[in-house]
Protein chains: 2
Amino acid sequence: MDTPVSITELAERIKSGHRRSLAAAFSLLESTSKSDSARASELLQMIYQQAPVKSTRRIAVSGAPGAGKSTLLEAYGLALANQGMRVAVLAIDPSSARTGGSILADKVRMNQLADHDAVFIRPSPSRNALGGVNDATRNAILLSEFAGYDVVIVETVGVGQSEIAASSMVDLFVLLVLPTAGDELQGVKRGIMEVTDVILVTKSDIDLEAARRAAARYTGSSKLLTPLRTDWTCKTVTGSSLEPNGLDAFIAVVDQFFDPVRSESIALNRHRQRALWFDESLTLEFNQLIKSLQQSNATIGKARHAVLQGAKHPAVAAAEVVERISISIHDDGSRP
Amino acid sequence: MDTPVSITELAERIKSGHRRSLAAAFSLLESTSKSDSARASELLQMIYQQAPVKSTRRIAVSGAPGAGKSTLLEAYGLALANQGMRVAVLAIDPSSARTGGSILADKVRMNQLADHDAVFIRPSPSRNALGGVNDATRNAILLSEFAGYDVVIVETVGVGQSEIAASSMVDLFVLLVLPTAGDELQGVKRGIMEVTDVILVTKSDIDLEAARRAAARYTGSSKLLTPLRTDWTCKTVTGSSLEPNGLDAFIAVVDQFFDPVRSESIALNRHRQRALWFDESLTLEFNQLIKSLQQSNATIGKARHAVLQGAKHPAVAAAEVVERISISIHDDGSRP
């Protein structure tokens, strides 16, 4: 093992574009080792405070397996890289802790993209000592931006929960759907449709007319939902990741979303996301506190005993315990 | 409105088999009105303390829409009633608060059963002032048993979460599946299979051979899972709710599960479920406490401000807040 460099030194190397340092930083943030946690905290603090001066784009790409996520990421990522942008691709998968094998799999799936100098691909970060899965992905976004990436694409591979989580971390949420003729709207959960900013009907090269019909249906059904934002309603486009210029409409609608006139709206959304992140972190920390309390506190132990003996209803017993709780938070003495 | 009777009086009426009093008790437990909460607590305490002397059976029946739950409940419920048992059917549906319309729908779906004197059908209880959806269903089970029902069947109508919740409330978890020839195992979530005690392949009247083949496949795949219990492994049977004696194999396997030799194991499971119920209630209460703290506490407000200004990483800020917390629980003075 190398002697670990200081966090300041590591940060400098990351900023200068040193890929192995970036990979080491990702590993540090994902470390579950207690001995890494002080260094990880220091790095987190640094990447959070030193937000990039240039504007960045955070995009989630979601879709059922087979909807064409990998080919879209490959084609779209290369198009961005060829425009001179630096692109980071992250995956989020709360349902399983993926292993080294999948890192390889990710890179194989998108091999042209992975070979590009301006592109960084990172598989789903796993939950670490400093927070949950959501935290890990948010940290990965910040770290990517700290390293100078202009566009961070978060690929969601779950169906449902991970999409809602991803939408709370990115500026723009893209849903990929197939141009199948059937009752395909059924397959998309309402909750996902509600957070979607752009629907991309993929594989228009196979049957353009079918793709257009599907797009019209999605446009119709998205109109039934209450829009998430006041200044953007869900847009539907068709596209092909395999044809030349097949993604032009998609690229245009993304550019429209990130138009400078919308920058205030995007900043406001990020502000809200920060508040949400803090509240989630606090809840997570509280829950750990409570868990240890539940295991060790004598009054709670007595209440549990009464419940198990059949003497006290569980909800009544719990309410009585909480009524007797007092919580105080010592101020750190700093001025507000 | 009638003048409300005392809880003791209400309990007496319920015990004497007065159906309208039972319905009134259900309504009281589901009331969200603050003015009802003292009476509801008193009733909860009573039904929890006065567990029935005779042994009862708590059975969850789960399955995708179309798997034949309603017809099974109708046929199985009538078979039990004809054996002299009193049967309560409860529904659990955490995804939606069902309305009066569905009460009717439930009774129409199972009209023969609903007409039977020994049968009580209650649609999914909604979350009330004294706890969450899980609490409401658990209370409904206790109330049914308090009213003298021997068998309580909890029908789960969700797919996934509600099944896991239901399995923590009942003795026996039954999964209904169709005898379709395709890759039907894919449709059943691993998490549901893991909590399943009996798989019933339904509609064996349509194609007995197909049902037997499906049963063999389910038996094979259930063997791949780690059994939940030390003294019971998942059993697969075929059955028909429409043919005479079509449920004999199912009835036999349920009787086998509830054989007196297993009563200690079932009691131990209920004991564990009580502990879980208490812990869930406590977490729920704590979360409410924390929510109000997050909104009003000055130290938390300062930390949130630092996060929003970009000065402090959310997880780091949250950890710092929680480090400064002290919680004390005043003992109620009673002896352990």
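Quick test of your reading of the structure: A:Arg262 fulfils all but one of (1) touching a helix residue (DSSP H, G or I) at 6+ places or on another chain (Cβ under 8 Å); (2) closer than 27 Å to A:Arg138 by Cα. Name the failing condition by number.
(1)
Give the residues of region B:195-247 that are of a type outside the set (A, V, I, L, M, F, W, C), over 17 Å from B:Pro179 (Cβ atoms) and surrounded by fewer than 16 Cβ atoms within 10 Å (Cβ to Cβ), sorted by residue number.
Scanning region B:195-247 gives B:Lys223, B:Thr226, B:Pro227, B:Arg229, B:Thr230, B:Asp231, B:Thr233, B:Pro244, B:Asn245.
Considering only residues that are surrounded by 13 or more Cβ atoms within 10 Å (Cβ to Cβ), in a helix (DSSP H, G or I) and not aliphatic (A, V, I, L, M), which ones fall in region B:28-48?
The answer is B:Glu30, B:Asp36, B:Ser37, B:Arg39, B:Ser41, B:Glu42, B:Gln45, B:Tyr48.
If you go through region B:258-298, how many residues are without any contact (Cβ under 8 Å) to a residue 24 or more places away in the chain and within 7 Å of chain A (Cβ to nearest Cβ)?
So the count comes out to 14.
Would you check if A:Ile327 is within 7 Å of chain B (Cβ to nearest Cβ), within 27 Å of B:Ala298 (Cβ to Cβ), surrounded by fewer than 18 Cβ atoms within 10 Å (Cβ to Cβ) and of a type outside the set (Lys, Arg)?
Considered against the rule, which asks whether it is within 7 Å of chain B (Cβ to nearest Cβ), within 27 Å of B:Ala298 (Cβ to Cβ), surrounded by fewer than 18 Cβ atoms within 10 Å (Cβ to Cβ) and of a type outside the set (Lys, Arg), A:Ile327 comes out as yes.
Please determine, by comparing only the residues of region B:44-87 that are free of Cβ contacts under 8 Å to residues at least 40 places away in the same chain and under 20 Å from B:Glu12 (Cβ atoms), which one is farthest from the other protein chains (Cβ to nearest Cβ).
Within region B:44-87, the match that is farthest from the other protein chains (Cβ to nearest Cβ) is B:Val53.
If A:Ser221 satisfies every condition in (1) within 9 Å of another protein chain (Cβ to nearest Cβ); (2) assigned to a helix (DSSP H, G or I) but one, which is the exception?
Going through the list (1) within 9 Å of another protein chain (Cβ to nearest Cβ); (2) assigned to a helix (DSSP H, G or I), A:Ser221 breaks only (1).
Looking only at region A:147-154, decide whether some residue is modelled with pLDDT under 90 and of a type outside the set (S, T, N, Q).
Among the residues of region A:147-154, not one is modelled with pLDDT under 90 and of a type outside the set (S, T, N, Q), which makes the answer no.
The values are calculated or read from the model by the stated rules, or taken from the named source; none is laboratory data. Not measured: the values here are computed from a predicted model. Don't worry about glycine lacking a Cβ; one is built from the backbone with ideal geometry, like all the others, and counts go over all protein chains shown.
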